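None of the figures in this text is laboratory data; all of them are computed from the coordinates on show. Not measured: the values here are computed from a predicted model. Reconstructed Cβ throughout: ideal geometry from the backbone, glycine too, with neighbour counts over all protein chains shown.
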Amino acid sequence: MIRDAFKMKLKPGCIDEYRKRHDEIWPELVKAHSDCGISDYTIFFDEETLTLFAFRRLTPDNTADRMGELDIVKRWWAFNRDLMEVHPDNSPVFTPLTEIFHMD
């Protein structure tokens, strides 16, 4: 498995709605992640900076980089564009993070 992490930015005052929408995540979206080789997906929140920190595991043959081509993902992005920083196509502005240390 490949460990992958990135960060995104939430808009002020949006954490409760962001949490609610993820508590009610669409089953089709969960399946799309699994189908693309993504598992163990966790998002953490830093209240001071409004930063969302995401961690996920990817299979060696994952297609995570093509998730943005899926209709269900495009709908999820549009649904959440009011809560976070996004690009013109509604995809979240994200910054990949480099792994420095890991301990099992």
Checked the chain with the C-alpha gyration tensor, a ≥ b ≥ c its square-rooted eigenvalues, rounded below a/c of 1.5, otherwise prolate if a/b is larger than b/c and oblate if not; verdict oblate
Which distance in nm do the two modelled labels at Arg66 and Thr98 give, with both placed 7 Å along the Cα-to-Cβ direction? 2.9
At 0.36 nm per residue, minus the direct Cα-Cα distance, what do Phe53 and Met1 gain on full extension? Give it in nm, one decimal, please. 16.8 nm
Sort the range 44-91 into rounded, prolate or oblate with this rule: let a ≥ b ≥ c be the square roots of the eigenvalues of the Cα gyration tensor; rounded if a/c is under 1.5, and if a/c is not under 1.5, prolate when a/b is larger than b/c, oblate otherwise. oblate
Calculate for the chain the 222 nm mean residue ellipticity that helices alone would give, adding -39,500 (n - 2.57) per DSSP H run of length 4 or more and normalising by residue count, nearest 500 deg cm²/dmol. -7500 deg cm²/dmol
Among all the lysines, which ones have a C-alpha under 23 Å from Lys11's C-alpha, if same-chain residues fewer than 8 places away are not counted? Lys20, Lys74
The answer for the net charge of residues other than Asn62 whose Cβ lies under 15 angstrom from its Cβ, with Lys and Arg +1 and Asp and Glu -1, is -1
